[in-house]
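The values are calculated or read from the model by the stated rules, or taken from the named source; none is laboratory data. Keep in mind the model is a prediction, meaning the values are calculated, not measured. Counting neighbours? That spans all protein chains shown, and the Cβs are built from the backbone with ideal geometry, glycine included. Just the protein is used for accessible areas: all its heavy atoms, side chains included, with ligands, DNA and RNA removed. Shrake-Rupley method; radii C 1.70, N 1.55, O 1.52, S 1.80 Å.
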Amino acid sequence: MSDGRSGLQLRSLLRKSGELELSLVSIPTPEPGDDEVVVRVEASPINPSDLGLLIGPADMSTATVSGSADAPVITAKMPDTAMRMMAARLDQSLPVGNEGAGVVIRAGASDAAKALTGKTVSMIGGAMYTQYRTIKVRDVMELPEGTTPADGASWFVNPLTALGMTETMRRESHKALVHTAAASNLGQMLNKICIKDGIGLVNIVRSKEQADILHKIGAKHVVDSTAPAFMDDLTNALVETGATIAFDAIGGGKLASQILTAMEIAANKTAKEYSRYGSNVYKQVYIYGSLDNRPTELTRAFGLTWGVGGWLLTPFLQKIGPAEIGRLRQRVASELKTTFASHYTKVVSLQETLQLANIAVYNKRSTGEKFLINPSKV
């Protein structure tokens with residue numbers, strides 16, 4: 001490890017030829033401005049949003065390795081259909097990693113920056129798969145005493161996404177919600193929030209093993225989309241909770257349509273009178289992920305009072321403004337080791353991140369397989 005004046009950074013490059021190249025580049029560490037600090041990065045998670053930039057829809061069955069053990073280079077073919085969507089990033093070497101944590105080793109001249117010297121902090125702002133990160137004070141959060149970088153690495157994306165879902169639910173006048181791919185790291189956080197805040201939550205999973213994960217942390221309503229009685233189970237859970245808003249991580253296929261249909265059936269069970277236009281209960285599905293890249297299929301058996309749209313954390317935060325963001329961040333900081341605790345199955349170095357065996361595991365985005373990168377690990 002160097003003195004922090006330069007360090008390795010993981011880059012993703014999509015060439016016009018259709019080849020994705022992942023590599024490690026040695027870069028100088030920018031000197032901090034007055035309101036900036038230099039952080040030695042010791043923990044950064046691999047989230048689905050990171051994989052979208054790191055690998056995206058590349059065909060990793062074509063991946064090959066070159067370079068050396070210290071500086072591996074991964075090359076893989078990007079499908080032609082995906083190239084059209086990625087024109088804006090062609091031939092640009094892009095840094096990866098939305099969030100992370102580490103120790104402040106240098107600081108700028110401002111009092112706020114100097115006060116962070118030697119402190120363990122969490123960060124948001126991209127380019128976190130790097131050994132040293134120069135970053136503005138406003139984009140870091142000092143971690144409570146006794147919190148390790150690994151404890152604080154996933155402080156932003158998943159916690160604020162989960163809180164953003166319950167906030168959106170309240171702001172749009174719903175009283176309970178539905179979540180798909182619900183046994184994920186984010187899904188477990190959402191359950192803890194809803195249990196603590198007394199919010200009804202319907203969890204949709206794809207296996208008994210995933211259901212067991214949620215039952216163990218106290219989830220009440222868990223339904224398996226692969227079960228023969230799925231639609232009946234889902235409708236019953238919707239009747240019990242009154243959930244009329246869903247956040248869908250799957251995206252493709254029929255699931256969003258099934259949710260809206262079950263919401264309509266649940267609404268009609270308590271309807272006072274028949275309407276040929278369907279119930280007047282507004283039903284909303286927000287798609288926030290793409291675990292299934294197929295088209296979203298809607299079989300319109302749910303009346304005319306409904307909506308399907310996209311939901312993303314950054315626009316939501318821009319909408320609620322700095323004061324509300326501060327309130328949510330404070331909650332995350334105070335519950336970092338409980339509600340918002342993340343669990344990792346493997347900690348890897350930057351070089352190990354580019355090993356094909358590891359890529360094969362973390363790129364599957366499977367429940368219970370969450371990787372943490374420690375750029376300082378040798």
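Scanning segment 331-346 for residues that are in contact with a helix residue (DSSP H, G or I) (Cβ under 9 Å, 6 or more places away or on another chain) and open to solvent by 70 Å² or more (accessible area, probe 1.4 Å) yields a count of 5. Evaluate segment 268-288: report whether one residue or more is within 30 Å of THR244 (Cβ to Cβ), at pLDDT 90 or above, among the basic types (Lys, Arg) and surrounded by 16 or more Cβ atoms within 10 Å (Cβ to Cβ). Yes, some residue in segment 268-288 is within 30 Å of THR244 (Cβ to Cβ), at pLDDT 90 or above, among the basic types (Lys, Arg) and surrounded by 16 or more Cβ atoms within 10 Å (Cβ to Cβ). When the residues of segment 207-223 are filtered to those that are without any contact (Cβ under 8 Å) to a residue 40 or more places away in the chain and closer than 16 Å to PHE247 by Cα, the one that is least open to solvent (accessible area, probe 1.4 Å) is VAL223.
Residues checked against (1) open to solvent by 10 Å² or more (accessible area, probe 1.4 Å); (2) part of a strand (DSSP E or B):
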site	(1), (2)
ILE105	yes, yes
ARG138	yes, no
MET141	yes, yes
PRO159	no, no
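Filtering ARG138, ARG89, ARG106 for residues that are within 30 Å of GLN188 (Cα to Cα), of a type in the set (Lys, Arg) and touching a residue at least 12 places away in the same chain (Cβ under 8 Å) leaves a single hit, ARG138. Test SER12 against the criterion of being among the polar types (S, T, N, Q), over 25 Å from ILE250 (Cβ atoms) and modelled with pLDDT of 95 or more, and give yes or no. Judged against the criteria, SER12 is not a match.
Does GLY309 qualify as being under 21 Å from the mean Cα position of the chain (by Cα), assigned to a strand (DSSP E or B) and within 24 Å of ASN191 (Cα to Cα)? Show your work before the answer.
Details: under 21 Å from the mean Cα position of the chain (by Cα): yes; assigned to a strand (DSSP E or B): yes; within 24 Å of ASN191 (Cα to Cα): yes.
Judged against the criteria, GLY309 is a match.
Collect the residues in segment 108-129 that are open to solvent by 30 Å² or more (accessible area, probe 1.4 Å), within 30 Å of GLY52 (Cβ to Cβ) and assigned to a loop (DSSP other than H, G, I, E, B), keeping them in residue-number order. GLY125, the sole residue that qualifies. A single member of LYS220, LYS283 is over 21 Å from the mean Cα position of the chain (by Cα) and closer than 30 Å to SER334 by Cα, and it is LYS220. Looking only at residues of segment 195-206 that are under 21 Å from the mean Cα position of the chain (by Cα) and closer than 27 Å to PRO228 by Cβ, we find that the one that is surrounded by the fewest Cβ atoms within 10 Å (Cβ to Cβ) is ARG206. Scanning segment 183-204 for residues that are in a helix (DSSP H, G or I) and either touching a Pro at 6+ places or on another chain (Cβ under 8 Å) or of a type outside the set (A, V, I, L, M, F, W, C) (or both) gives ASN185, GLY187, GLN188, MET189, ASN191, LYS192, LYS196, ASP197.
Exactly one residue out of SER23, SER6, SER66, SER12 is open to solvent by 30 Å² or more (accessible area, probe 1.4 Å), of a type in the set (Gly, Ala, Ser) and farther than 30 Å from ALA109 by Cα, and it is SER66.
When residues of segment 67-120 are filtered for being of a type in the set (Val, Ile, Thr) and more than 16 Å from PRO32 (Cα to Cα), how many remain?
Within segment 67-120, the subset of a type in the set (Val, Ile, Thr) is 73-75, 81, 96, 103-105, 117, 120.
If we keep only those that are more than 16 Å from PRO32 (Cα to Cα) as well, we get 73-75, 81, 96, 120.
Residues flagged as of a type in the set (Val, Ile, Thr) and more than 16 Å from PRO32 (Cα to Cα) within segment 67-120 amount to 6.
Taking VAL73, is it modelled with pLDDT of 95 or more and touching a Phe, Trp or Tyr at 6+ places or on another chain (Cβ under 7 Å)? Against the criterion (modelled with pLDDT of 95 or more and touching a Phe, Trp or Tyr at 6+ places or on another chain (Cβ under 7 Å)), VAL73 does not qualify.
Taking segment 76-103 as the search range and keeping residues that are among the acidic types (Asp, Glu) and not in a helix (DSSP H, G or I), which one is surrounded by the fewest Cβ atoms within 10 Å (Cβ to Cβ)?
Step one: filter segment 76-103 for residues among the acidic types (Asp, Glu), giving 80, 91, 99.
Checking which are not in a helix (DSSP H, G or I) leaves us with 91, 99.
Details: ASP91: 9, GLU99: 26.
Residue satisfying both the conditions and the ranking: ASP91.
Has segment 38-53 got any residue that is without any contact (Cβ under 8 Å) to a residue 24 or more places away in the chain, under 14 Å from ARG106 (Cα atoms) and either assigned to a strand (DSSP E or B) or of a type outside the set (Gly, Ala, Ser) (or both)? Within segment 38-53, not a single residue is without any contact (Cβ under 8 Å) to a residue 24 or more places away in the chain, under 14 Å from ARG106 (Cα atoms) and either assigned to a strand (DSSP E or B) or of a type outside the set (Gly, Ala, Ser) (or both). Give me the residue from segment 252-262 that is touching a residue at least 40 places away in the same chain (Cβ under 8 Å) and on the phi < 0 side of the Ramachandran plot and, out of that set, farthest from the chain's Cα centre (by Cα). The residue in question is THR261.
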